[in-house]
Structures are given as C-alpha cells and as structure tokens.
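Report on the following structure.
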Amino acid sequence: MERAAAVCQNGDMSAEDNPSPETSPSETIATLRIELIDSDPPIWREVEVPTAITLRQLHTVVQAAMEWEDAHLWEFTIGREPIGASRAARLTLQDLLRPRVTRLLYTYDMGDCWEHQLTLTRPRPADPALAYPRYSAGENPAPPEDCGGILGFYAQLEALAEPNHPDHEDAKEWFGDFDPNHFDEQPVKDRLARIANRRRKAPAKRKSR
C-alpha cells in the first residue's frame, strides 16, 4: 500500500516510522502550522521542524502533534499531486520550501478523512542548544480516532452535550473522558521530545559503528 486513494475510503494500517536524520549545529528549521480543516473552534498546533526531515518523518511529527495513533493510511497532497508513503520517504521539506510560505495538505484515515492544512514559514538557522521538532503552541484537543470524521465528531459532541439526545449514551461511552474544552499540551510536548531525542541519538550511533 504505497499511497492512499485520492478519494477518501476505508484504509488499512500504515507503516510505523521513526525519524532519524543527521543533526547539525547549522541545520535549518521552519515553523510548521497544522490546522484540522473545518474544525470550529480551530484545532491547531505550531511546531518548529528541521527542514532536513522527509515527508514520511513529517507524517510522524503531525501524528505526534495531533495525538493520532498512526493506525490508518495517510497521504500528502501538494497542489493536485498526491504523495504516498514510498515517495514521501525520499522528499524532504527542503525540497519543497518556497521563499515565504509553503502549503501542503495532509490527509489521515481515508475512512474518517481527517484533512490538515500544513503551512511552513520562516526558514531560519536552528538553535544548536535545542532539539527538534519542538512544540511551540496549540489550541483545542484533536478528535478521538474513528469517530466518523469532522462531521461525525461534531454530531457526537452535540449528542454528548444533550442528555436527552437518543445517541447520548453511545457518545458518552465512545468519548470516555474526552473534554473538547480542555487541551493538555504536555503529552504533545512529550511525544515530540521523543522524536527529537531519537534524531539526536541517531548520528552518535552511526559514528560508533
């Protein structure tokens, strides 16, 4: 399964990915803004990312930032061109960067069809004292997995908020302790920090061989 279908449909599990590019004191980073399309209020994250990472590694960063479980197919789209997992492993952000703003679409789960607008801005030298990717900001928790896409998510939130709604008990059981009004940044920071630590350790491992 190299790439997902252009039209969202049921998909299977994608391959697990562990980013591990070289780390350099002079590497370049950019600000990545991730926005879940059609979310209201907006569900978004900002992460500082190395431009040397591949799109496959960017997939892992988005999964961490949105707290997805990497349990479904995924795909990038640049303009009208879809990019699946195989090609995503060969393309870096640096290959795609434009002078000011670079935009691409990331779709996760071809059944629920979670679409994310990714915007890259401000390419600049990294701080050698910091590890990347690095969480900057965000608002609102991402939806639970497998809840029916953006329309299903809001329909279930409506049922959850209304005790007399015929689907209230089902929504309550499915969502568990999910609180749409509370976003805890710490798990996102922790997940991104683990990716950053793997990047830092990778060059040392290669040198010791």
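Nothing in this text is a laboratory measurement; each read-out follows from the coordinates by a stated rule. Keep in mind the model is a prediction, meaning the values are calculated, not measured. A quick note on method: Cβ atoms are made from the backbone with ideal geometry, for glycine too, and the neighbour counts reach across all protein chains shown.
With the requirement that a residue be surrounded by 22 or more Cβ atoms within 10 Å (Cβ to Cβ) and touching a Lys or Arg at 6+ places or on another chain (Cβ under 6 Å), what does the stretch 39-69 give you?
64, 65 - these are the residues of the stretch 39-69 that are surrounded by 22 or more Cβ atoms within 10 Å (Cβ to Cβ) and touching a Lys or Arg at 6+ places or on another chain (Cβ under 6 Å).
If the Cβ limit is 6 Å and pairs must be 6+ apart or interchain, which residue in the stretch 101-128 that is in contact (Cβ under 8 Å) with a residue 40 or more places away in the chain pairs with which residue that is acidic (Asp, Glu) and in a loop (DSSP other than H, G, I, E, B)?
126/27
Among the residues of the stretch 113-147, how many are aromatic (Phe, Trp, Tyr) and assigned to a strand (DSSP E or B)?
Within the stretch 113-147, residues that are aromatic (Phe, Trp, Tyr) and assigned to a strand (DSSP E or B) number 2.
Looking at residue 170, is it of a type in the set (Asp, Glu), in a helix (DSSP H, G or I) and closer than 17 Å to residue 45 by Cβ?
For residue 170, the condition - of a type in the set (Asp, Glu), in a helix (DSSP H, G or I) and closer than 17 Å to residue 45 by Cβ - is not met.
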